[in-house]
Ligand SMILES: [Zn+2]
């Protein structure tokens, strides 16, 4: 039956639409993942950058402290060397200079250690930054390619929907209803018959069914699965 051929054509187009739609959904998931990975990479870089910035701020503060101590020592020394003041006061000042000098030495160690830490953190950051930027670039490229591919598929699906409409317009309403009724329970309501076997359910068809199919005067359905049958090469 010509109408079964048309329904089969409709089924083929609809299957292709479904296949492409699933593919587009998978692309959407992929793109989401790529975007998340990209955002994570950016966040990681930001965290590393912030940590480095904090270290540098700390160094600046330590250096300021050191400068303050040194200035304090210098002031006290100036007063000490001027020789003005009572001896008790002078010895107190001397003691203070000694304490401040110890504090300065400690601070100097802290500053030097911090400089080392920052130096290796900067090296780490430069390496990580290069790696992460490469990763981000490649993710961005993957996103762009996926979006492009999706757009092509969208156009293909639009074209197929127009084909679908055209085919449906050429099919009598009662057959179309039969097709959609079957489609509610079967993914493919039209089955090809190959060597006397229904390709929908893989059951050998009775000779009477084959005879009716060959007569080609009615829509013949598989007794077993209910699919509309179409002889291959019909
Ligand atoms: Zn069947």
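The values are calculated or read from the model by the stated rules, or taken from the named source; none is laboratory data. A quick note: this is a predicted structure, and the numbers were derived from the prediction, not measured. Here the Cβ positions follow ideal geometry from the backbone for every residue, glycine too, while neighbour counts run over all protein chains shown.
The table below lists the values:
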read-out	value
Every residue from the stretch 184-203 that is surrounded by fewer than 16 Cβ atoms within 10 Å (Cβ to Cβ) and more than 10 Å from the ligand (Cβ to nearest atom)	184, 185, 187, 194, 195, 196
Unmet criterion (only one of (1) part of a helix (DSSP H, G or I); (2) over 30 Å from residue 134 (Cβ atoms)) for residue 84	(1)
Hits in the stretch 221-234 - residues which are without any contact (Cβ under 8 Å) to a residue 12 or more places away in the chain and either surrounded by 19 or more Cβ atoms within 10 Å (Cβ to Cβ) or within 12 Å of the ligand (Cβ to nearest atom) (or both)	221
Some residue of the stretch 165-182 being within 14 Å of the ligand (Cβ to nearest atom), out of contact with any helix residue (DSSP H, G or I) (no Cβ under 8 Å at 6 or more places or on another chain) and either more than 15 Å from residue 9 (Cβ to Cβ) or assigned to a loop (DSSP other than H, G, I, E, B) (or both)	yes
Long-range neighbours under 9 Å by Cβ, at least six apart or interchain, first residue without any contact (Cβ under 8 Å) to a residue 24 or more places away in the chain within the stretch 78-102, second part of a loop (DSSP other than H, G, I, E, B) and surrounded by fewer than 10 Cβ atoms within 10 Å (Cβ to Cβ)	90/83; 90/84
Which listed residue, of 98, 71, 89, 62, is assigned to a helix (DSSP H, G or I) and surrounded by 15 or more Cβ atoms within 10 Å (Cβ to Cβ)	62
Residue that is farthest from the ligand (Cβ to nearest atom) [pool: residues in the stretch 204-218 that are modelled with pLDDT under 95 and in a loop (DSSP other than H, G, I, E, B)]	217
